[in-house]
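Heads up, the thing below is written out as structure tokens.
The values are calculated or read from the model by the stated rules, or taken from the named source; none is laboratory data. Please read all numbers here as calculations on a predicted model, not as lab measurements. Cβ sites come from the backbone with ideal geometry, for glycine too, and all protein chains shown count toward neighbours.
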Amino acid sequence: MRRFLSRKLITYLIAFVIGVTVDWGIPRLIPGDPVQAYLSQFRLQPAGYDALYKTMSEAFGTNGSAWDQYMHYWQSILTWNMGVSIGNFPARVTTLIGQALPYTLALLIPAIVLSYILGNRLGAAAARRKGLDNSVLPLGYVFQAMPYPWLALIIPYLLAVVWHVFPLSGGYSNSLLPTWSWTFIGSLLTHWFLPFLTVFLVSLGGWAIGMRNLVIYELENDSSRYLRALGARERVIRRYAYRNASLPQLSGLALQLGVVVGGNIVTEIAFQYPGLGKLLYTAIGNKDYFLLQGIFIFIIIGVLIANFVIDLVFISIDPRTRLSMQGAPA
Amino acid sequence: MSLTVENLSVAYRSRRGDITAVDSVSFRLADGEIMGLAGESGSGKSTIGNALIYMDPRMKLAGGKALLDGKELPLSDNDAMRKLRMTEVSLVPQYAMSALPPTRRIGKIIADLLKSHGIKDRDEVLSELLRRLELIGLKDEILRRYAFELSGGMRQRVTIIMSSLLNPSLLIADEVTSALDVSTQRAVGEMLIEFRDRGYIKSAIAITHDLSILAQIADSITIMYAGRLAEKASTAAITEAPLHPYTQALIASLPEVGVRHEDTTLTGIPGRPPSLVNPPSGCRFRERCPFAFEKCTETPPFAEIRPGHQVACWKVSQEHGGGARVTVPAGAIADSASTKGTGK
Amino acid sequence: MSLADTLQEPGAPVPGAPARPAAALRPRRNDFLYYGLRNKKLVFGLGLEILLVILAIIGPSISPHNTTDYFKLNASPTGANWLGTDFQGHDVFAQLVNGLRESYLVGALGAVSAAIVGMVLGFIAGWRGGILDEILQLLTNVIVMIPSLVLLVVVGAYLNTRSVLFEGVFIGLTTWPWVARAVRAQTFSLRSREFVDLARLSGKRPTSIVIRDIAPNMASYLFLVVILLFGSSMLLAASYDFLGLGPSGVVSLGGMMQNANLNSALFFKEWWWFFPPGLVLTAMVASLLVANVGLDEVFNPKLRES
Amino acid sequence: MPTRKMTGRWRPAKLVAVTAAGLLTLATAAACSSSGSSSSGSAPAATGSSSASTGTSPITQFPRNETLYTSGTLYSAPSTWNPYNLGNYTTGAQGLIYEPLFLYDPAKGVLKPWLASSGTWDAANKVYTIKVRDNVKWSDGQPLTGADVAWSITSAATNAANPYNSNAASVASATASGNTVTVTFKGTPAYAAWDSYLWKAPVVSKAEFSKVPATQVATWADTKPVGTGPMTLLTYNATETAYQVKPDWWGSTAMGLNFKFKYLVDVVNGSNNVELGALTSGQVDWSNNFLPNINQLINGIGGYGFKTYYPNAPYMLPANTAWLTFNTNKAPFNNVNFRKAMAYAINPDHVVNNVYGGLVKAADPTGLLPNLSQYVDQGVVSQYGFKYDPNKAKAFLAQSGYHGQQVTLQVPNGWTDWMAAINTLAQDMKAVGINVQTVTPEYAARTTNLTTGNYDMAIDNNANLDSTPWTYFQRVYNLPIQSQQTAQLNWERFNSPADWALVQKAGSTPTSDTASLKATYGQLEKDFLQQLPMIPVWYNGAWFQGSTQHWTNYPTSGTANDAIPSLWRGYIGSLTSVYALANLSPAPKAS
């Protein structure tokens, strides 16, 4: 157990080092010089350009030898200092991420968790009822097959443009300043709903179909057959199958929650929802490689934590993991 | 008489029509008898086992019946059968390694099963359960464990205990030992006998393709070939003086002690079993049988050549003609309750 | 050698698998065809998919216009422009059929490249195990961890022009870990099976065992995985295109939606511009998924409706 | 067991709890982010409210009838109000907070005295004297003095890191005496550049900016700006910036400019769908976004009553020239016949109508913006100008020695209108037999390509609206050619010392001497059209559309109210946009 965990930890550590190194390289490896591109807007003569270039390089940590830069980068990461954004110069990357993170979490966590709960229920129900299966399955596939961008156009088209039920975009009404007031919270809610619905619907199909297929498999597996041979009631067998099927679903959930910190770019863009996805997209649009770098680190940490949590959860509940810990194939 | 099977035929639905995997099989099982049921893959041995406890939706009863303790088993009536499973007829599946649901503790699984059978007085069953665990050397804390925390042998034993917990009249043990190493095989075999001796199970059918293990645990052995019974006799009679040419070939192919796997060749029996889609008329072994003759185009009866020894072979019927040329060891008569313990 | 081995029919599909009916019932190739043709999901899914593929193949030639022709701007569907025109006066139908073709191309490229990389690495990791496995697992974890969108931006920065080939292969190279993980696990469990032991004892070389003995046993499974990859590659490509990270100078379904979004199609209620590309893409992927379930049922008799 | 929750019986309460927990995160975070007013120390706060705002408790909701909503200028969260940070100072930093000495009115072609009440050359055109306007106060209550102006000019003249250095490079000294600032020059003043300085550069507070190290004058984070302008920074967050109108602004008495709104809220840009939606639903009043098809909604069509600067095509004021630029050191672009072939092959109408939906105008062959038309020698244009003519293009191509080799045409990836534009340009050129491949590298890569000359063809528009043609021709002919053309000048690397001498001559001709200026520029135009160092294609628009739902009286070309309605960097702070803002009046209440 301890050996397993320490092996995992080492794997994650190596992955983290590789991730950080790749990340460090982003603004340095891309062709074109981001600082030069930024400074070209200043239309400076060479003397001024050189002076400003030096100042900016210091701010971005792109001065000095590659090794110094690399070491400096590690130092910054470990002190949770992700540097400065070039698109929003001189705003700090951590500040920008901090502003966007709550929106993304509030959007994606309820959408993912609720679609998980409901999708699993639906899928399990579909697995046992033919009639339901014939409606849930095709619907689930359609939702699963829908491209995010499309749903993110269709939903606001119908609910905001044609019927005017919800606001089209944004995190809250522009006329409000963020405060603890009911008006503001109401505005947050109405703006939250459509992007939430989009993510929820697409995820719902995936969970439902996943659960349906897993339960059908589980109902035919050895332990279900054994329970049946021992005269267990069908209800009991289904409960067991559902429980078994929940494990892979749960790991899917953990993985999804792990990448939550990357935001749901397409949805956030379509609705101009001020979360991390939009921030990432803006960073891409502005070629803000330093902000990209910061978000990247953030995502890496999120995914690593999620993976580690999956490992821990599975050690405690999933037989297959334990077997693999004893050396048998997973 | 614990179990009486009469002209049992079981078919699988298939796109080429029904395939009769078990064709008009009859046999009887005495109280206390452990019967070995052997044959190649696809001979129908597992189908018999399945038919007696759980017919999956692709199977159907094509004829015949089975009586357990004199009462007919409602083989085709899943709901009626459900109540009898575990209580009257029970199964130790061939997939015992993976039979225990992985996500519940053993104790919880047992409790759920008891609930399914509407057993009110669970304390009594529980204390019996603890007694049996102790008997086979398992600690009661095993009930708080998950299946994956147990070794293969432990899982096998837990499965047997679970399956026999409600003292069924008939326990079907399907390939129980095939996945185990030799010493565990022996332990499991002994456990089956012990349970029978203590009356936890009234009778048992041990389905296997491994004749050597049957020699250790079974009172009688029935050999199946291509959906029909080929031979049934006491363990000693089958292993030492088999009559059916197929049985003889099987016994002959048993390895000698000490021969390593690498050194043997896969001789087996030349040829393959016939297709059951359009089975040939007459004796189904005749294509592979070195003694086949014209009479074999007719279906041979499963005839009792001598007491407790039935064979479906024209040649044997002719040679033995109801006589008793082959000596059968006393006490090996399968029909007798006094045969307990033979074959050890 | 126990009798078990003599009785075990050589070449049984998956020994030790849950009891199957008589040997004669073991599915044969034409059995798959038989059940395939009778599986409504498969027939429906595959049928729709084939129709769409045909549209993708012949569409550009039956379309009366090219994607570069100019017409009246933002026109609703008419007899001349079957699906109207966009903000630049380009024919939407012409874009749709060309985009359809592009989507299939990207999907196929993505699925094939992911399958190749994932299978090779999965087989190696599963078969060799040990330190090689550890390294490959680490690689897998790192790839899964790297946000592909950011990677696309960085890699894309090296390219003056992004081609369909690039997008497809990029998708493949970022999704292979899912294949590799599955293949690795399956190889792990298969390599300890008896028939593989036999092959090994008979002195076969590892590559030939993997190719001849292990791969065929996973064939149906791999096939399903590739189909799923195909669908997800198309969806992923649509998202990339929508974000403006897709191939340059190429008409794509995601790109059509991007243009519609950027140019206020919602507001002007130009539904003919953004509705068809998504609908077609949904149909393409959904029919794949449905066909996939159908195939699954054909390959796994247990799942067949009785 | 962790799975218990997941597999437990479904209860509506659980769903509610999950939702509530998520929303709580949102509400807490959003509410917290509003209270970032006292962010500490050197770390620039990206969120916060200005210390300069009135001491009363911050408002929670902008009263609709007292608020002007604008958008179209910011593409990411506001972060600094340092007017020297030309890369990304927040909309309004110059114009609403910092102000220049003069404003340039392109409609009338004159400089309006602003923080300077006057500016005059001495008789020899060697010394420039600025009278600083009286009774102007910084938002911290201190008066604006000549010392502030002198400091600003000196910084530009002496500090190479000051982005106005090239404009003030010829300044020798700037000395203040009370409210009079005397500027002397080294040798002949660079008149054109100095002219630009007067209306482009901000006047900053000496007290505030002298605290900053000289090298960081353009990069330090100014989040509590102290300016002389009509507004103060009220608050800002990732999605918007709010300004509050200063009741005691000098302009209300001196210029008679009184804002009818109390708050100006600038919203960070969304997609076009979003902007159009916000505009039509009355959430945004003033938009400087490029909104395709907006011409379908103006003049009361569809009941929206949007206003654009021109009521008819091209609707938008030309803001800068988009050229086809190429590396003239490379074959086949070093051949003038090849360049002419391209010029005749291009049909700008495709760009105008099919890419921009008629919202822009095809460029004059000289590329000079319409506000400079007085400098365009129409005789030269009619004699040497070019227009779409494929046959002529083919004829020139035949003489160019071009053998069909592939050439690339690049624009930054993601600039969708330009991406569409190069597709039509490539099509036009292919039609006459030029093998053009369009490519879209990322912006940074594209900028490096152009800076280093590592490219075939590109679209560029780096010469903004200006008061003289000098900037334009400097952009075209600037010498010497360096390995890195960092100032965005002469990206086509066209080496013509004679023309550069003409540009320099124009630059050192007093701006009042229009006759000699016209002669010089006429010669440059003739050379330009004969050599075609780059090919002007179309004018990008100063996108503007105003919604009349809440505010009305938007500026219109050709009326008395013709101020430039743009909040873009370099426009609001230098042009007449502030007049346009002050002229707005509340829309009559809808019945």
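Observations on the structure shown:
- Residues of the range D:455-486 satisfying the condition of being modelled with pLDDT under 90 and more than 28 Å from D:S516 (Cα to Cα): D:Q482, D:S483, D:Q484, D:Q485, D:T486
- Residue count for the range D:245-284 under the criterion of being crowded, with 22+ Cβ neighbours inside 10 Å and polar (S, T, N, Q): the result is 3.
- Helices (runs of 4 or more DSSP H) contained in the range A:213-315 and holding at least 1 residues within 26 Å of C:L295 (Cα to Cα) and at pLDDT 85 or above: A:222-229, A:234-259
- Residue pairs meeting the criteria (Cβ under 6 Å; at least 6 apart or on separate chains; first on the phi > 0 side of the Ramachandran plot, in the range A:17-45; second part of a loop (DSSP other than H, G, I, E, B)): A:R43/D:A487; A:R43/D:Q488
- Candidates C:V150, C:V155, C:V144, filtered to the one that is closer than 22 Å to C:L228 by Cβ and either within 13 Å of another protein chain (Cβ to nearest Cβ) or of a type outside the set (F, W, Y) (or both): C:V144
- Complete set of residues in the range D:481-499 that are buried (at least 20 other Cβ atoms within 10 Å of the Cβ) and among the hydrophobic types (A, V, I, L, M, F, W, C): D:A487, D:L489, D:W491, D:F494
- Condition met for A:L201 (surrounded by fewer than 20 Cβ atoms within 10 Å (Cβ to Cβ), within 11 Å of another protein chain (Cβ to nearest Cβ) and in contact (Cβ under 8 Å) with a residue 12 or more places away in the chain): no
- The range A:66-167 holds helices (runs of 4 or more DSSP H) entirely within its bounds, and those carrying 1 or more residues that are away from chain C (no Cβ under 14 Å), among the basic types (K, R) and out of contact with any Gly (no Cβ under 8 Å at 6 or more places or on another chain) map to A:93-128.
- Residue in the range D:100-108 that is outside any loop (DSSP other than H, G, I, E, B) and hydrophobic (A, V, I, L, M, F, W, C) present: yes
- Selected residue [closer than 30 Å to B:E304 by Cβ and either in contact with a His (Cβ under 9 Å, 6 or more places away or on another chain) or not assigned by TED's automatic domain parsing to the domain that holds B:L91 (or both)] from B:E149, B:E175: B:E175
- Selection status of C:S113, modelled with pLDDT of 90 or more and surrounded by 23 or more Cβ atoms within 10 Å (Cβ to Cβ): no
- Qualifying residue in the range D:123-138 (condition: under 23 Å from D:G507 (Cβ atoms), out of contact with any strand residue (DSSP E or B) (no Cβ under 7 Å at 6 or more places or on another chain), more than 14 Å from chain A (Cβ to nearest Cβ) and not hydrophobic (A, V, I, L, M, F, W, C)): yes
- Of all the residues in the range D:479-510, those that are of a type in the set (A, V, I, L, M), closer than 23 Å to D:P189 by Cβ and not in a helix (DSSP H, G or I) number 3.
- Residues being modelled with pLDDT of 80 or more and crowded, with 20+ Cβ neighbours inside 10 Å are represented in the range A:156-178 by at least one member.
- Count of residues meeting criterion [in a helix (DSSP H, G or I) and either modelled with pLDDT of 90 or more or not acidic (D, E) (or both)] in the range B:148-190: 22
- B:D210 acidic (D, E), within 14 Å of the chain's Cα centre (by Cα), under 26 Å from B:S2 (Cα atoms) and at pLDDT below 85: yes
- All conditions in (1) touching an Asp or Glu at 6+ places or on another chain (Cβ under 6 Å); (2) in a helix (DSSP H, G or I) hold for C:D296, with the sole exception of (1).
- Failed item, numbered, when A:R212 is tested on (1) within 14 Å of chain B (Cβ to nearest Cβ); (2) touching a helix residue (DSSP H, G or I) at 6+ places or on another chain (Cβ under 6 Å); (3) crowded, with 19+ Cβ neighbours inside 10 Å; (4) charged (D, E, K, R): (1)
- Of the residues making up the range A:1-39, those that are within 14 Å of chain D (Cβ to nearest Cβ) and either surrounded by fewer than 20 Cβ atoms within 10 Å (Cβ to Cβ) or touching a His at 6+ places or on another chain (Cβ under 6 Å) (or both) are A:I26, A:R28, A:L29, A:P31, A:Q36.
- Of the residues making up the range C:23-80, those that are modelled with pLDDT under 85, of a type in the set (G, A, S) and under 17 Å from C:M256 (Cβ atoms) are C:G59, C:S63, C:A75, C:S76.
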